[in-house]
Protein chains: 2
Amino acid sequence: MSDTYKDLMDISKRRGFIWPSFEIHGSASGFYDYGPLGKKLLDNIKEKWKNYYIQKEGFEEVKSTTIMSKPVFEASGHLSGFEDALTQCKECNNSFRADHLIEEHIEVEPDSLSNKKIEQKIENHNVRCPECGGTLGEVYSFNLMFKTNIGPGKGRAAYLRPETAQGIFVNFNYLYKYNRKSLPFGVVQTGRAYRNEISPRKGVIRMREFQQMEAEVFVEPNEKNHPNFSKVEKEELRLFPIKNQKEDKGYINISTKKAVEKNIIGSEILAYYLAFSKRILKDIGLNIQKIRFRQHLPEERAHYASDCWDIEGETDRFGWIELAGISDRGDYDLKKHAEKSGESLTAFKEFEEPKKLEKWVIEPNMDVLGPKHKQKADIIAEKLKEQDPQKIKKELENNSFILELDEETVEINSEEVNIQKTTKTIKGENIFPHIIEPSFGIDRILYLLMEHSYKKDKLGEGQRSYFNFKPEISPIDLAVFPLMKEEELKLEAEKIYEELNKEYEVVYDENGSIGKRYRRQDEIGTPYCITIDYETLEDDSVTIRQLTSGKQKRVEYKELKSTINDLFSNKKNFKDLK
Amino acid sequence: MSDTYKDLMDISKRRGFIWPSFEIHGSASGFYDYGPLGKKLLDNIKEKWKNYYIQKEGFEEVKSTTIMSKPVFEASGHLSGFEDALTQCKECNNSFRADHLIEEHIEVEPDSLSNKKIEQKIENHNVRCPECGGTLGEVYSFNLMFKTNIGPGKGRAAYLRPETAQGIFVNFNYLYKYNRKSLPFGVVQTGRAYRNEISPRKGVIRMREFQQMEAEVFVEPNEKNHPNFSKVEKEELRLFPIKNQKEDKGYINISTKKAVEKNIIGSEILAYYLAFSKRILKDIGLNIQKIRFRQHLPEERAHYASDCWDIEGETDRFGWIELAGISDRGDYDLKKHAEKSGESLTAFKEFEEPKKLEKWVIEPNMDVLGPKHKQKADIIAEKLKEQDPQKIKKELENNSFILELDEETVEINSEEVNIQKTTKTIKGENIFPHIIEPSFGIDRILYLLMEHSYKKDKLGEGQRSYFNFKPEISPIDLAVFPLMKEEELKLEAEKIYEELNKEYEVVYDENGSIGKRYRRQDEIGTPYCITIDYETLEDDSVTIRQLTSGKQKRVEYKELKSTINDLFSNKKNFKDLK
């Protein structure tokens, strides 16, 4: 049976998409490097995503450090809440996720069990080390953040960020000012994040150092609608809500609008970003038939999320994997960072109408108090102000009020003090914005794109494999070949290469038979190859060959550039070329 | 006296260029985040650099992990060679670079002193803690890499890369294959690098987490020329070679060609990248009058470099700072990684002519040995082959040869063995390529660009500050304003904003007086502002205002886009507009 993952890893290593990191020194699982083709594919995916979030949605981008100091993660909850239950084999010393080992023996989500309970399950069911069959040690919590220290000596404890989001939250005040103190606004960050997985066994699917594209939308707590909702409301979503998961029912295929109306998705804004994300993934080139939206079960939700929908993609070897998560993080993050830091992280919300606040105040009447109590008058006045105005007012209505000083009491009557009502106008209040977060994992999207684009067919005499990437996503746009290694053909081909390379990602190749050169480009998904042959020298025409069909068309050299432009901008179809 | 650094940090924080990282939780020195404008400026600088190295020079880009395992740095030499001499105050517990504390008391480079010697200098000159005047403790070595662990328990020791280069070197075999096994080829990587500085005190100039743009050029050891040298040979360089530094002489202004001819720069390829880098920095917008090329003194060269030239830029507060280093790393890195890993990291170099290798071989004559020695014949034959052919040949010329077996000796005569000369054709040999490395620090280039672009002048009634960034480098390209907050003007302005925003980085602003809005854009270096006023409604014309001159021109709306295109591509000058 063919194993797509194996095929893809083979192509990846051989052609320069993905390489195991520091392989010559014995690579570590969960670490991968991107070769030249992988890097270009990565950039093209990122550019597409940014085009949606930055150009279309108008979000701003920031770049924060990957090392952040300990208090950041005390506040974010990652120090206490971002842990796995672990056990080490007493014989072979390998470490395992204890909760995973008992999965088959329990009905509930293992996340909900304490370490002690997991330990008992291991004992009761005589679960042994999966590597050597040895006895397993005690179950303890292991934090998934990579730890380091800033500065010499013991230094200052710090961690590599487990999500790029925290770099946005801690800068809220700067960002709020940048957005001229108005809500809503959106901020994105793309970049590295780190999770020290215990023993990742899923190849490129579970990386310890990975890349995220995260957007954080700061909204007013009660305004979870979206102004452009009508633009996505007809988008069909394949939902897998909590109820359907628990009752073992299938998916619901439903329009975005109806999903909100029927309260399957809790808010318009969450639904908006589900539909918006579907469009991005489709535009990147994922097979939308292999995409679903799965709601997190309450027990699997991150500590900060009040609701979360994962966008999952189907893989051949690993089943459904998470590509993105759209969460309503509520006011969790800003509140926690404010509490921990003592800084205010709020937005000022103006009331629709200014509110009048009524307040009773105590005004000692010094004209009477002074002559009567002499040097004690000031002390009495101060003490009076500390009293409850309503209480004094009530007692004075029944004649007089006994004020207790440090060593004596004084009787106060209604001439000595005025109790008055004042009104203050308040224009608004400070609120913690809520945060809606569409968060994407780039590496997995890249892998899934490769898998969804991977095709095999028969062309001419031979079998071939190719990627049918969209032209704007493909790492290489064009290849230029001289038919033979003759000076005249080579000069012409180099000229065309130079010209096209100004605008496109082009490779020039003169080695091997033309058939082999086509196969080399097919294998990495280059959408069009241009060949310069003897006819070119006679009539200034070249051939353009299309990857997917393997067909060729002849184009005049002077129309080559505009034809290529039209093909890449979808103004023309290849099959309609003369 | 005005302090440019302070001015710039004030603008940076206020307007969203650079923010101290996790400031609300008490920031740590050496960590800075980029706000929206800083991020755009960063991207524009990177794009320019990549345009030179990737599009023009045809280098390939990779992206490797920032965490790398310990053996990588054992091989690279960073574990033993990347250390600072440190001392801690016994009273206030602050840590200091011990070598810096004794700088004024010594004649030699402090790098060349042992910890013990530095300790003696501290004692002899009674150097005290610069913070509290306390006694300083012993001097010890502190490694500048951030350490962490992969996996649970003690895990596997790993470090955050101190340079992006190592991620290229360890992938040499993959890259060599990607380049179809031919030299030279170039690879770039841009991204984060980390140095756990002891107590950085230079603000954004000395970051602990910073960004590099590195290029590694793999060349044949003896081919340190450059095919395009003639394209840069006239470029004038301001050199500060070792000799001039030691003899306290000034700079040498000299053409690139002459610098090589006079052997001031050791190789054509090093000189090529010096000149090439000057062009990039100039194109980014640095003031080339404040740039110099300083050769590393032998004692300050990194452990891997055989020659290195720093490109330094002049700052107001910090004097000359390093922006880039162009090093000849020789075969140091590949050799070390090969030794440590046991993998071959070489290129195959074909000889110009295949070489014939002569070799003497021993051929036992079994036809004679067999019948004579019976079952011992095979043992004798094997033993014979282990001998030195030249020696046997000589002895046989003098009759016979005594072969020692384990427990006896046998006399061998010239009939029992043939000594023959064979020739083998060898096409080439495996060599370690040499590496030429142009390495740039983005953060410092960004800061210096801000400083070199920072201007103050009087415009109209008031004083203003602005950045005269080049239009393609400026974070914001255009600003669009309706003159007043009237619906008609706003609609028109929004239309123009939408149109231009497809291609340019545009802000829309309707708040405050038009003068204030111009000032806001001036302060961040927006080259052109477009204002929609009452005339627009009458004759479809708008004003374009130029940042640097403060002057305005009226342009017809239908020509706006093409005018903007011409201004940005330098096809037109603002002053030549009608």
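A short reminder: the numbers here are calculations on the coordinates, not readings from a lab. Being a predicted model, the structure only gives us computed values, none of them experimental. For neighbour counting, all protein chains shown are included, and Cβ atoms are generated from backbone atoms with ideal geometry for every residue, glycine included.
Sorted from longest to shortest, the spans of the Cα atoms of the range A:83-143 along the three principal axes equal 29, 26, 15 Å. Both the radius of gyration and Dmax for the range B:369-493 are 44.1, 118 Å, in that order, over alpha-carbon atoms. Length available on full extension from B:K391 to B:R519: 0.36 nm per residue minus the Cα-Cα distance, which gives 36.9 nm.
Count the DSSP beta bridges whose two residues both fall in the range A:463-576, then state the antiparallel fraction as a percent rounded to the nearest 5. Of all bridge pairs located within the range A:463-576, approximately 55 percent are antiparallel.
In plain terms, the residue of B:K336, A:K234 with the fewest other Cβ atoms within 10 Å comes first and the most crowded comes last, giving A:K234, B:K336. Here is how far apart the A:Y251 label points are across copies: 6.4 nm, shortest first, using a point 7 Å from Cα toward Cβ.
Cross-link check: pairs B:K6/B:K455; A:K278/A:K456; B:K13/B:K40; A:K39/B:K63 evaluated at a Cα-Cα cut-off of 18 Å; pairs beyond the cut-off: A:K278/A:K456. Calculate the translational D of the range A:235-370 in whole µm² s⁻¹ from Stokes-Einstein, where the hydrodynamic radius comes from the Kirkwood formula applied to all Cα pairs, the temperature is 10 °C and the viscosity 1.306 mPa s. Using the Kirkwood radius from Cα pairs, D works out to 86 µm²/s.
Mean separation of Cα pairs under 8 Å and 6 or more residues apart, divided by the residue count, gives the range B:348-429 a relative contact order of 53 percent.
For chain A, taking Cα atoms only, Rg and Dmax work out to 33.3, 120 Å respectively. Distances between copies of B:N287, taken at a point 7 Å out from Cα along the Cα→Cβ vector and listed shortest first: 6.0 nm. Projecting label points 7 angstrom from Cα along Cα→Cβ for B:E408 and A:H303 puts them 8.3 nm apart.
For chain A, the mean residue ellipticity at 222 nm estimated from helices alone is -9000 deg cm²/dmol, where every DSSP H run of n ≥ 4 contributes -39500 (n - 2.57) and the total is divided by all residues, rounded to the nearest 500. Looking at the protein assembly as shown, the DSSP beta bridges with both ends there are about 90 percent antiparallel. Listed cross-link partners A:K181/B:K561; A:K495/B:K224; A:K181/B:K46; A:K234/A:K575; A:K458/A:K575; A:K231/B:K485 are compared with a 22 Å cut-off, the Cα-Cα value being larger for A:K181/B:K561; A:K495/B:K224; A:K181/B:K46; A:K234/A:K575; A:K231/B:K485. Axis of helix B:557-568 versus longest Cα principal axis of chain B: the two differ by about 40°, to the nearest ten degrees. Over the range B:468-567, what is the relative contact order in percent, taking alpha-carbon pairs closer than 8 angstrom and at least six residues apart? Contact order relative to length: 29 percent.
Measuring between their Cα centroids, the range B:14-60 and the range B:511-540 lie 28 Å from each other. Net charge dipole, the protein assembly as shown: roughly 1320 debye, given to the nearest 20, about the Cα centre with Cβ charges of +1 for Lys and Arg and -1 for Asp and Glu. Annotation for the range B:197-254 versus the range A:71-116: alpha-carbon center distance of 50 Å.
Computed on chain B, with alpha-carbon pairs under 8 angstrom and 6+ residues apart, the relative contact order is 12 percent.
Average 1/r across all pairs of distinct alpha carbons in the range A:348-429, invert it, and you get the Kirkwood radius: 14.3 Å. Taking the fewest neighbouring Cβ atoms within 10 Å as the starting point, the ordered list for A:E437, A:E220 is A:E220, A:E437. Applying the Karplus relation 6.51 cos²θ - 1.76 cosθ + 1.60 with θ = phi - 60° to the range A:292-302 yields 3J(HN,Hα) values of 9, 10, 10, 6, 5, 5, x, 6, 9, 5, 4 Hz, where x marks Gly and Pro.
Using the Cα gyration tensor of the protein assembly as shown, with a ≥ b ≥ c the square roots of its eigenvalues, what is the shape: rounded (a/c below 1.5), prolate (a/b larger than b/c) or oblate (neither)? It comes out prolate by the Cα gyration axes.
Size estimate for the range A:194-267 follows the Kirkwood approach: the inverse of mean 1/r over distinct Cα pairs works out to 15.8 Å. For the range B:1-91, trypsin sites (Lys or Arg not before Pro) meeting the loop criterion (DSSP other than H, G, I, E, B) and having at most 14 other Cβ atoms within 10 Å: B:K90. Count Lys and Arg as plus one, Asp and Glu as minus one, and take only other residues whose Cβ is under 15 Å from that of B:E352; the net charge is then -1. Would you mind classifying the range B:7-73 by shape? Square roots of the alpha carbon gyration tensor eigenvalues, ordered a ≥ b ≥ c; an a/c under 1.5 is rounded, otherwise it is prolate if a/b is larger than b/c and oblate if not. Judged from the Cα gyration tensor, the range B:7-73 comes out oblate (a/c at least 1.5, b/c at or above a/b). Counting neighbouring beta carbons within 10 Å and listing from fewest to most, the residues B:I426, B:I252, B:I291 come out as B:I426, B:I252, B:I291.
Axis-proximal residue of chain A for the rotation onto chain B, reported as residue and distance in whole Å: A:T148, 2, based on Cβ position.
Centre-to-centre, using Cα atoms only, the range B:322-350 and the range A:381-438 are separated by 79 Å. Give the shape of the range B:463-576 as rounded, prolate or oblate, defined through the alpha-carbon gyration tensor: a ≥ b ≥ c are the square roots of its eigenvalues, a/c under 1.5 means rounded, and otherwise the shape is prolate if a/b is larger than b/c and oblate if not. Oblate, since a/c reaches 1.5 and b/c is not below a/b. Placing +1 on the Cβ of every Lys and Arg and -1 on the Cβ of every Asp and Glu, with nothing else charged, gives chain B a dipole about its Cα centre of roughly 1100 debye.
Copy-to-copy label distances for B:G58, where each label lies 7 Å from Cα along Cα-to-Cβ, are 4.6 nm in order of increasing length.
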